[in-house]
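For reference, the structure discussed in these notes is given below.
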Amino acid sequence: MSQEYEPKIIGFLCRWCSYMGADLAGTMRAKYVPNVIPIKVMCSGRVDPEFVLQAIKKGADGVLVAGCHPGDCHYIEGNYKTLRRMTLLSQAIKSFGIDPRRVRLEWVSAAEGDVFVKTINEFTQTIKELGPLERLSNGIVREPAAAGVAR
């Protein structure tokens, strides 16, 4: 009996926009995959890249960081910090041998429940296509392709 791979995805959601977008999706009774574990943060700018790396190290197959649209940040420039950090983090993750598509930054406003649903479904599909990360006993995390594992 084989089961379809269901990725574990951590979602850091801005309290002011993205989390409210998720709440709107729920209010709309929109259907989306249940793979994302949401973590409410005060601002996407509060998400330290170390949080993303720790999430991957501790079992996440993908990490979503979602915040207010640029220019709409409750804290003025938090999402601009996020954009800069995630750009650098993407390069760092790639240098670690992990596919950068496993970390996604998205802007979702409180009025965009449909965007939240679309983002969750698309990102989950992307992670499913990438497959599970391989975790070695020494704490190293790597792509299955790097280990020569056929998907």
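The values are calculated or read from the model by the stated rules, or taken from the named source; none is laboratory data. Computed from a predicted structure; not experimentally measured. So basically every Cβ, Gly included, is an ideal-geometry build from the backbone, and we count neighbours across all protein chains shown. Accessible surface areas use protein heavy atoms only, side chains included; no ligands, DNA or RNA. Shrake-Rupley method; radii C 1.70, N 1.55, O 1.52, S 1.80 Å.
By how many degrees, 0 to 90 and rounded to 10, does the Cα axis of helix 18-27 deviate from the longest principal axis of the chain?
For helix 18-27, the angle is close to 80 degrees.
How much mean residue ellipticity at 222 nm does the chain get from its helices, if each DSSP H run of length 4 or more adds -39500 (n - 2.57) and you divide by all residues, to the nearest 500 deg cm²/dmol?
Result for the chain: -11500 deg cm²/dmol, rounded to the nearest 500.
Once you've got the GNM for the chain with C-alpha springs shorter than 10 Å, pick whichever of Phe96, Phe12, Phe116 has the biggest mean-square fluctuation.
Of Phe96, Phe12, Phe116, the Gaussian network model singles out Phe96 as fluctuating most.
At R0 = 25 Å, how high is the FRET efficiency between Arg135 and Arg46 if r is their beta carbon distance? Nearest 0.05 is fine.
So, using R0 = 25 Å, E works out to roughly 0.40.
Under 11 Å from the Cβ of Lys40, count the other residues' Cβ atoms, weight Lys and Arg +1, Asp and Glu -1, and hand me the total.
The answer is +1.
For the Cα atoms of the chain, what angle does the longest principal axis make with the long axis of helix 78-95, in degrees from 0 to 90, nearest 10?
Roughly 10 degrees between the two axes.
Within a Cβ distance under 14 Å of Thr27, other residues only, what is the Lys/Arg minus Asp/Glu net charge?
Charge balance in the 14 Å sphere: -1.
Got a number for carbon plus sulfur as a percent of the chain's accessible area, 1.4 Å probe?
Here it works out to 54 percent.
Using only protein heavy atoms and a 1.4 Å probe, report how much of Met42 is accessible, in Å² to the nearest 10.
Counting only protein heavy atoms, the figure is 100 Å².
Given Cα pairs under 8 Å that are at least 6 residues apart, what percent is the relative contact order of the range 1-59?
Normalised by residue count, the contact order of the range 1-59 is 47 percent.
Sequence-distant or interchain residues sharing an amide H contact under 5 Å with Lys40, placed H: which?
Leu13
Send over a whole-number figure in Å² for the accessible area per residue of the chain, probe 1.4 Å.
Ligands and nucleic acids excluded, the result is 56 Å² per residue.
Looking at the range 1-95, which trypsin sites (Lys or Arg not before Pro) are DSSP coil and have at most 14 other C-beta atoms within 10 Å of their C-beta?
Sparse-neighbourhood loop trypsin sites (Lys or Arg not before Pro): Arg29, Lys31, Lys58.
Which of the pairs Lys57/Lys118; Lys8/Lys57; Lys58/Lys118; Lys94/Lys118; Lys57/Lys94 have their Cα atoms more than 18 Å apart in this structure?
Going by Cα-Cα distance, Lys57/Lys118; Lys58/Lys118; Lys94/Lys118 fall outside the 18 Å limit.
Over the chain, what is the percentage of antiparallel beta bridges among all DSSP beta bridges, to the nearest 5?
In the chain, approximately 10 percent of DSSP beta bridges are antiparallel ones.
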